[in-house]
1. Mind checking which residues of segment 168-195 are of a type outside the set (A, V, I, L, M) and either touching a Phe, Trp or Tyr at 6+ places or on another chain (Cβ under 9 Å) or farther than 22 Å from Lys215 by Cβ (or both)?
2. Looking at the structure I just gave you, is Asp62 out of contact with any Phe, Trp or Tyr (no Cβ under 6 Å at 6 or more places or on another chain) and at pLDDT 80 or above?
3. Looking only at segment 108-127, decide whether some residue is of a type in the set (S, T, N, Q), within 23 Å of Glu230 (Cβ to Cβ), at pLDDT below 95 and open to solvent by less than 30 Å² (accessible area, probe 1.4 Å).
4. Got at least one residue in segment 46-56 being open to solvent by 40 Å² or more (accessible area, probe 1.4 Å), at pLDDT 55 or above and not in a loop (DSSP other than H, G, I, E, B)?
5. Give segment 219-236 a look and list any residue that's open to solvent by 20 Å² or more (accessible area, probe 1.4 Å) and β-branched (Val, Ile, Thr), or say none.
6. Hey, among the residues in segment 92-107 that are at pLDDT 95 or above and not polar (S, T, N, Q), which one's most open to solvent (accessible area, probe 1.4 Å)?
7. Select from segment 171-181 the residues that are in contact (Cβ under 8 Å) with a residue 24 or more places away in the chain and exposed (fewer than 15 other Cβ atoms within 10 Å of the Cβ) and list them in ascending order.
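The values are calculated or read from the model by the stated rules, or taken from the named source; none is laboratory data. Because the structure is a prediction, the values reported are computed rather than measured. FYI the Cβ positions are ideal-geometry reconstructions off the backbone, even for glycines, and counts take in every protein chain you see. Areas reflect the complete protein model, heavy atoms only, side chains present, ligands, DNA and RNA absent. Shrake-Rupley method; radii C 1.70, N 1.55, O 1.52, S 1.80 Å.
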Amino acid sequence: MNAIDHPTPAAGHAALISRRRLLIAAGALGLGGCASDSLSLLGATLPTLGGSAGGNGYPLTDDQIKAIPYASMGVRIGSSAGVVTILASVDGQRLHWASADRIVLITERGRLVKTIGLPRDLLTTRFTDDDSLLPVARGERASEGGIGRIIDLRPKDDFGVPVHSQYAVQAEESLTVLGRTRTLVRVRERVTVRKWRWSADNLFWLDPADGRIWKSRQQFCPEVPAITMELLKAPA
């Protein structure tokens, strides 16, 4: 079954079981079979991956990642070691990426729009304008620092938080993932939340041909470090 197909209930249940088994196996590889070999990151227990099995920053080799029958994404939170997540489900343009540690990151066209399992979660994201970075990367549209989206967070409930965004094309770069090199455009998003008196720089590496974001570094609040996401096997 294609990872982005909408399955029947029976097929979807079987696929979900397969994904769970795969995540458990990936988690076991990351833990190296030792339950005590773990670290507490942001209040959540994540495996200590140590050295990468394949020298790619993840606990799986390139061949093992390529053999995963689902779309997959590498994730790092702050300076943590990398973990491999798989595409667990699809809701329209929203992709749900799950880790063996029951942390779920939900993206929409590469943008992180919701999280589950972090000490402070991004509950909802409501866009006030077209969030596509492709016109920015092509130089067809520039941002003047307007409110790009409104977010809700929990715990320490904070609802209706405006996020101001301003974009700038920085450079053309080559990115190699699983032995394949792509020429991408790096776009910087300067985010400012005046309510918190806080700002940060998000980075996106995207293909100027179709706008697909292959890598990003995104931070949605000061309490959670920047989350780096890298597509290992893109959805069909």
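1. Glu173, Arg182, Arg186, Arg188, Glu189, Arg190, Thr192, Arg194, Lys195
2. yes
3. For segment 108-127, residues of a type in the set (S, T, N, Q), within 23 Å of Glu230 (Cβ to Cβ), at pLDDT below 95 and open to solvent by less than 30 Å² (accessible area, probe 1.4 Å): absent.
4. The answer is no; no qualifying residue exists.
5. Passing the criteria: only Thr228.
6. Checked segment 92-107; the qualifying residue most open to solvent (accessible area, probe 1.4 Å) is Arg94.
7. Glu173, Gly179
Matching residues to (1) within 26 Å of Pro59 (Cα to Cα); (2) touching a residue at least 60 places away in the same chain (Cβ under 8 Å):
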position	(1), (2)
Leu95	yes, yes
Ser99	yes, yes
Leu105	yes, yes
Lys114	yes, no
Asp121	yes, no
Asp131	no, no
Val136	no, no
Gly148	no, no
Ile151	no, yes
